[in-house]
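S.K.: Sharing a structure below in structure tokens format, with a few things to ask.
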Amino acid sequence: MVASATSNTPETALSSAGIYAVLKRFFAQAAKTAPDSGLDPERFMKASTHWMRHTFVRQALVDGVPIEVVSELAGHASIDTTSIYSTQELARKIRALQTMKRWVAQS
């Protein structure tokens, strides 16, 4: 037994919809304090469990977790799906290097 999403009384396990609702409330609360940390509250209001999944996959790849492991943990049917994130990460690195090139050229 676990506590319900709306109270501390033991009930049955949360459904996926219940977990989603809890996380949406959490993100709404985070949005209220985001400006205090210089963060965009709108990003928190748009956040979802799917956003968290994308964040996990992307961060795992950035941290060097082998793509096969990330693919399995994400439940992707094909490693090709996971490789999309890898391609996006490479594009991010290229953009960062291009910024550096402009900075060096201005010095």
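Each value in this text was obtained by applying a stated rule to the coordinates, not by laboratory testing. Note that the coordinates shown come from a computational prediction; the quantities given were computed from them, not determined experimentally. Cβ: placed from backbone, ideal geometry, glycine included. Neighbour counts: every protein chain shown.
S.K.: Once the other residues with Cβ under 13 Å from the Cβ of Thr49 are scored (Lys, Arg +1; Asp, Glu -1), what is the net sum?
M.R.: Numbers: positive: Lys24, Arg25, Lys46, Arg53; negative: none.
My count for the surroundings of Thr49 gives +4.
S.K.: Now for a different question. Multiply the residue gap between Lys46 and Ser83 by 0.36 nm, knock off their C-alpha separation, and tell me the result in nm, one decimal place. Each step should come with its number before you reach the end.
M.R.: On the way: separation 37, 0.36 × 37 = 13.32 nm, distance 2.46 nm.
Additional length available on full extension: 10.9 nm.
S.K.: A further question follows. When only alpha-carbon atoms count, how far does the range 48-107 stretch along each of its three principal axes, as whole angstroms with the largest first?
M.R.: Cα spread of the range 48-107 along its principal axes, largest to smallest: 47, 24, 16 Å.
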